[in-house]
1. For the pair Ala131 and Tyr167, how long in nm is the line joining their label points, each one 7 Å along Cα→Cβ?
2. For Asp234 and Asp212, what does the FRET efficiency come to when R0 = 35 Å and r is the distance between their Cβ atoms, rounded to the nearest 0.05?
3. Where does the Debye-calculated log10 I(q)/I(0) of the stretch 37-245 sit at q = 0.12, 0.16, 0.17 Å⁻¹, using only Cα point scatterers of equal weight, no solvent?
4. In the structure shown, do any of Lys108/Lys226; Lys44/Lys89; Lys89/Lys200; Lys44/Lys226; Lys54/Lys226 have a Cα-Cα gap over 18 Å, and if so which?
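The numbers here are math on the coordinates, done by the rules we state, and not lab data. All values derive from a computational prediction rather than experimental measurement. Please note: Cβ atoms are built from the backbone with ideal geometry, for glycine as well, and neighbour counts cover all protein chains shown.
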Amino acid sequence: MLLAASGNAQQAQHATKHVATPAAKSAVPSFQPGLEQRAIDILKAASARLAAAKTMSFTAIVSYESPSRLGPPLVYSTRSEVIVQRPDKLRVITTADGPRSEFYYDGKTMTAFSPAENLVAVADAPPTIDAALQVAFDTGAIYFPFTDVIVADPYQDIADRLKVAFYIGQSNVVGDTTTDMVAYVTGDVFVQAWIGAEDKLPRRIYAIYLNDPARLRHVLTLSDWKLDSAIPVDAFVPANVAGAARIAFARPDATDAPGMMPPPKKANSTKSQ
C-alpha cells in the first residue's frame, strides 16, 4: 500500500509539471511593501494636530513584555499622567508595577524624583522639550514610550527612518471612538497605530522591535486627551522634595558617578550603634 501510494504521488507530481492550472494564473500577487499615501496622510494629520497644540495633557498606559525564567514573557505596566506646555515645559507622574516616579522640566532644569525612596536628582537642561528628552536619556537613561507624541514634529521624528507604511482599516473598539488603523516600520520597529478618524489623536500604539529575537510586544494606550487647556503655573514645579536626599542625575549603571549613593539614614545609623 505504501509503495502504491508513493507511486501515485509521483505520478501526480509528474502530471502537475506539465499541466498549467487556472488557479496559478489567478493567484493573488505578493504584498509589495512601500509608503502608501493614505497611511502617510493619516500620520501627518495626527502629527499636525499634536504639533499645533500649545498645551496638552493625557494619560499613557504602557504594557510591555519581559522574558521570564520559564520562557513565556511576563507583562509589566506603567501609568503616566502627562502635561506638556510647548516649547519648554513637561511633567510626567508615573505609577507602575513598582515604585512611583516623577519627572519635571521647566525650560531650565529637569528633576527626577522618587517619592518612595525620597531621592531627587536635578540637572541643567536645554531650552526645548525635544532637547531635554535627549539629554535625559543620554545622561540619566530616562525614556518615555510616548516621546514620539510630545516632540515638536511627531511625523518628522519617524519620517527619516520610515521604510513601510500602509492603511489597515477602521476600528470602533479602541478609545470609544472610530479610529483609522495604520502600520509602519521606522528604523527597526514595527508599529501599528490607532488614530482618531475625526480628532486625529492617537489612541493606541503597538510596537515590536524587529531586531529582538523574542519579538516582545509593547502596547501604549493614550486617553483623557485635553488640548490647549489652561495649565496651572506651578504644574511644572516639583513638590515635597525639600527633604529629599540629592543624588547625581546619572544613568543607573553609572555606579562610579559621584553622588550616586544616597547618604545613610540617621535611623539606621542609630540602630547599628
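1. Each label point is offset 7 Å from its Cα along the Cβ direction, giving 3.9 nm.
2. Details: r = 41 Å, r/R0 = 1.17.
After rounding to 0.05, the efficiency reads 0.30.
3. -0.66, -1.16, -1.29
4. Working: Lys108/Lys226 25 Å; Lys44/Lys89 24 Å; Lys89/Lys200 23 Å; Lys44/Lys226 20 Å; Lys54/Lys226 11 Å.
Table pairs above 18 Å Cα-Cα are Lys108/Lys226; Lys44/Lys89; Lys89/Lys200; Lys44/Lys226.
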